[in-house]
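> My structure is below; once you've seen it, I'll send some questions.
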Amino acid sequence: MSSAEVVAPETFDIETGLAELIARGYQFVHPVDETGQVLAVVGVRVHDDVVDVVRLNAEDDVEATRMPGSEDNIFEPERWLWRRQGDGVSVLTEILALPDAC
């Protein structure tokens, strides 16, 4: 491979991406409203002095954030190292391509 060639990260569909997040140690919660409807699927992984949070509101509304482990509120961090919002396939592919330490 020449230096001009770029290796694209593996693309993950949502189901495969979620399975890979679980395999990497993410823990998930599913907040619900007063009628029991799931509001989002939220995954959290703490590792290497950072915290990764993935929130899936819908297949086309996903947010992922990597922040320092020192953040007090991981759902509304004051500082972050990496953040993406968009469709599930794009966001999951990007966060799964991140190295463990940032």
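The values are calculated or read from the model by the stated rules, or taken from the named source; none is laboratory data. In this text the structure is predicted, and so the values were computed from the model without any measurement. Neighbour counts run over all protein chains shown; Cβ positions are idealised from the backbone, glycine included.
> Do we have D100 as closer than 17 Å to I22 by Cβ, loosely packed, with under 14 Cβ neighbours inside 10 Å and not small (G, A, S) here?
Against the criterion (closer than 17 Å to I22 by Cβ, loosely packed, with under 14 Cβ neighbours inside 10 Å and not small (G, A, S)), D100 qualifies.
> Condition first: in a helix (DSSP H, G or I) and touching a helix residue (DSSP H, G or I) at 6+ places or on another chain (Cβ under 9 Å). Now tell me which residues in the range 86-102 satisfy that.
G88, V89, V91, L92, T93, I95, L96 - these are the residues of the range 86-102 that are in a helix (DSSP H, G or I) and touching a helix residue (DSSP H, G or I) at 6+ places or on another chain (Cβ under 9 Å).
> Does R45 satisfy being more than 14 Å from the chain's Cα centre (by Cα) and at pLDDT 95 or above?
In short, no.
> When the range 39-85 is examined, which residues are found to be surrounded by fewer than 14 Cβ atoms within 10 Å (Cβ to Cβ), of a type in the set (G, A, S) and not in a loop (DSSP other than H, G, I, E, B)?
A58
> While we're here: On the given criteria, is V53 modelled with pLDDT of 95 or more, more than 16 Å from P99 (Cα to Cα), of a type in the set (A, V, I, L, M) and touching a Ser or Thr at 6+ places or on another chain (Cβ under 9 Å)?
No; evaluated as a whole, the condition is false for this residue.
> Also: Across the range 14-26, what is the total count of residues that are surrounded by 13 or more Cβ atoms within 10 Å (Cβ to Cβ) and either charged (D, E, K, R) or on the phi > 0 side of the Ramachandran plot (or both)?
Within the range 14-26, residues that are surrounded by 13 or more Cβ atoms within 10 Å (Cβ to Cβ) and either charged (D, E, K, R) or on the phi > 0 side of the Ramachandran plot (or both) number 2.
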